[in-house]
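Participant: One structure, pasted below without further comment.
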Amino acid sequence: MAESAPARSTKSTRATPLLARPEFQRVFYPSLVAVLLIGLWQWWVTAFDIPRFLVPSPLLVAQTLVADAGLLFGALFTTLKITVFAFVCATVLGVLIAFAFVQSRVIETALFPYAVLLQVTPIVAIAPLIIIWVKNPTASLVICATLVALFPIIANTTLGLRSVNPGLMSYFKLNRASRLQLLWRLRIPSALPYFFGGLRISSGLALIGAVVAEFVAGTGGTGTGLAYQILQSGYQLNIPRMFAALLLITVTGVLLFAAMAWLSKLALGSWHESEANHG
Amino acid sequence: MNEVPAVEVLSVEKTYPNGTHALQPVNLTVQEGEFVTLLGPSGCGKSTLLKMVAGLLPPSNGRLLLWRKPVEQIESTGHRLSFVFQEPTLMPWARVQSNVRLPLDLAGVPASEAGPRVRDALAMVGLDKFAGALPRELSGGMQMRVSIARGLVTQPTLLLMDEPFGALDEITRNKLDSDLLDLWSAKKLTVIFVTHSIYEAVYLSTRVVVMAARPGRLVEEVQIDEPYPRGPEFRVSTAFSRYAKQLQDSLLRASGTQAEGALS
């Protein structure tokens, strides 16, 4: 690492021990907390002899994850499919709506309240309707998850497209830039940091939306997703499997967030303050 | 003088929609090749006047002509204007060369022609080694140089500069001032420069237009009859101090009449 680092950071990296490096700390400290918590959990369950149908030990959860791998990862794939599909739909729709909003104040004024309405209506309340109305179970789940994930993309992208440096705007106008040039060369690049912020929020929401919709659809015969597995395990008092499924959902959410953070860094890393980690 | 003046400001007045009287009727003529500085305190309407010359703001009254044509028709006169803002106003996501090339891209200049022109413009401001850098990697002074290179790349004949070096430290500012004078004489530019620094005004200008605030108005014009090139020794000469004193007195006289109002 020290060999490939640029000259100005070489000295500091060489001089500081591993533990003092921020990039190491970012991994080390959270991992330490995880190990401590899991250890404590394992000890507590064993020491007090907690029955497995109340709280399974971490070891048992891990064993269940391996034993039920086929079932659980199949379910994960189903949920992930809905999540990704919904996330893509939300991104495309959200960006299109944001563009429409920016093109005309009338469109925005007329429609923005409905975007808010969409956001504040709890998905649990409208999911049953959507599941009744839409025949195809996968499609109905995707619609629910899309509705949940849509708003941050609309709000952030709209804000971003409007957050153009006024000086640059004047400069473009002075040079008689066309509407298209303004959009392409100024508004879109200016909006990118906001857009990626929206993506990060929405990726998590798409997963939540997918899980909630699966819950509502429930045993109604639609799903084989993770939420369905959690419900089933609950009925059967198979608590270790429930924990294993929960673990998979959580890990998926974290990975999605990390993927979006990575994408954002890739796109903005070189120029935007939010991604630049040195002065 | 029978040549066509570069800029004519004819009874131009500006009142903002909120009722602020930014500028009382103003008359000003700038000949080709002049370096005219608008000097005055904040709120005297100097930036407003410059923006109206550039066509960035419409005047409430009066007419503005560039080579006897309204600003929208400047192309038909064979002249071009560039505007340099108070801030560098660079695109943070674009490298230096792309920032400088922006006006050419917007005008649809082909890449084969734009490339050499960008290189020339960067060389003029001494930044040819930084073509691939991002704005955030440069100091404030260097960013301002990029902004000036972007102004020069269109090969303007009229350069309008709105307090371009106001945010820089004095040493950098002095350096850029003298570089600007070199460019002005090498390119035979006409420059209208806005500043609130008396010393910058004396050092740069062929003529200084003193303005006053509340309401914004022209007070006096002072011809700076000193030969170019003006080296650093000019800054410490008696002639320099004499001009500075004259401008300072003029500013004080103008504000003295309304000193109470100026405090509010």
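Participant: Once Rh for segment B:38-95 is found with the Kirkwood sum over Cα pairs, what is the Stokes-Einstein diffusion coefficient at 37 °C and 0.692 mPa s, in µm²/s?
Facilitator: For these conditions, the coefficient is 244 µm²/s.
Participant: Straight-line reach from B:Lys245: which lysines have Cα under 26 Å away, leaving out those fewer than 8 places along the same chain?
Facilitator: By straight Cα distance, B:Lys245 reaches B:Lys46, B:Lys175.
Participant: Could you state how much accessible area is buried at the B-A interface, both sides summed, with a 1.4 Å probe, in Å² to the nearest 100?
Facilitator: Result for this pair: about 1800 Å² buried.
Participant: Averaged across A:162-170, how many Cβ atoms of other chains sit within 10 Å of each residue's Cβ atom?
Facilitator: 3
Participant: State the percent of C-alpha pairs, over all pairs in segment A:114-267, separated by a distance greater than 24 angstrom.
Facilitator: 49 percent
Participant: Treat every Asp and Glu Cβ in the protein assembly as shown as -1 and every Lys and Arg Cβ as +1, leave all other atoms uncharged, and give the resulting dipole magnitude about the Cα centre to the nearest 20 debye.
Facilitator: Roughly 680 debye for the protein assembly as shown.
Participant: While we're looking at this one, here's another question. Taking segment B:127-212, which trypsin sites (Lys or Arg not before Pro) meet the DSSP loop condition and have no more than 13 other C-beta atoms within 10 Å?
Facilitator: Passing sites in segment B:127-212 are B:Lys188.
Participant: Where the centre of each part is set by its Cα atoms, how far does segment B:90-140 sit from segment A:195-219, in angstrom?
Facilitator: 43 Å
Participant: Calculate for the protein assembly as shown the 222 nm mean residue ellipticity that helices alone would give, adding -39,500 (n - 2.57) per DSSP H run of length 4 or more and normalising by residue count, nearest 500 deg cm²/dmol.
Facilitator: Roughly -19000 deg cm²/dmol at 222 nm, from the helical runs in the protein assembly as shown.
Participant: Roughly how compact is chain B, stated as its Cα Rg over 2.2 N^0.38 Å to two decimals?
Facilitator: Normalised Rg, Cα atoms only: 1.01.
Participant: Once ligands and nucleic acids are excluded and a 1.4 Å probe is used, how much of B:Thr29 is accessible, expressed in Å² to the nearest 10?
Facilitator: Accessible area, nearest 10 Å²: 60 Å².
Participant: I need the fraction of alpha carbon pairs in the protein assembly as shown separated by more than 33 Å, rounded to a whole percent.
Facilitator: 59 percent
Participant: Using only the Cα atoms of chain A, construct the convex hull and provide its projected area averaged over every direction, in square nanometres to one decimal.
Facilitator: Across all orientations, chain A yields a mean hull projection of 20.6 nm².
Participant: Using a probe radius of 1.4 Å on heavy atoms only, what accessible surface per residue do you get for chain A? Whole Å² is fine.
Facilitator: Value for chain A: 56 Å² per residue.
Participant: Which residues make up the longest stretch of chain A that has no GluC sites (Glu not before Pro) in a DSSP loop with at most 13 other Cβ atoms within 10 Å?
Facilitator: My reading of the result: A:4-272 is the longest stretch.
Participant: Now, a different point. So, taking all protein chains as they sit and a 1.4 Å probe, how much accessible area belongs to B:Trp184, in Å² rounded to tens?
Facilitator: 20 Å²
The values are calculated or read from the model by the stated rules, or taken from the named source; none is laboratory data. Everything numeric in this text was worked out from a predicted model, so none of it was measured. Please note: Cβ atoms are built from the backbone with ideal geometry, for glycine as well, and neighbour counts cover all protein chains shown. Only protein heavy atoms, including side chains, enter the accessible area calculation; ligands, DNA and RNA are left aside. Shrake-Rupley method; radii C 1.70, N 1.55, O 1.52, S 1.80 Å.
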